[in-house]
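Read the structure below first, then the notes.
Just so you know, all these numbers are worked out from the coordinates, no wet-lab data involved. Model, not experiment: these values are computed from the prediction. Note that each Cβ is placed from the backbone with ideal geometry, even for glycine, and that neighbours are counted across all protein chains shown.
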Amino acid sequence: MTHVNTRKLWLHGLLMAAVVATALPLPDLAFAQLSSAAPLSQNNVFNPILQLLSYASYVIGGVLVIAGVMKFKHHAENPTNAPLAHGFSRVGAGAALLALPYLMGLANSTAQGTLTGQSHFNPFTF
């Protein structure tokens, strides 16, 4: 039994050594030392995805807020069968999703060091 475990340990050790040996000759890829154009290319790649996420969060957030208001209405009509907590949870989740594009833009501008009043991922301007 110990002979089989020893073989497994040696095999795992050799595999780990092979992985480390393949990563050692490529330190520039591992540490990203040639990354002067990386932020520009990443921003161009992720902008359509982030705009799609912002549109989806606006739509889903709006639907959740409307559903929460409808739960408030159901509670007003029949308080015993429709708890008020369901309405509050839906309105809270909808408000969080409605605020998400603004927070994504704020985080992006903070990360880039250009903190202004407008967010980059918000497709609707207020």
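Key figures
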{"quantity": "Rounded FRET efficiency, nearest 0.05, which uses the C-beta distance separating TYR102 from ASN47 and R0 of 22 Å", "calculated": "0.85"}
{"quantity": "Length gained when the stretch ALA85-ALA18 is fully extended (0.36 nm per residue, less Cα-Cα span)", "calculated": "18.5 nm"}
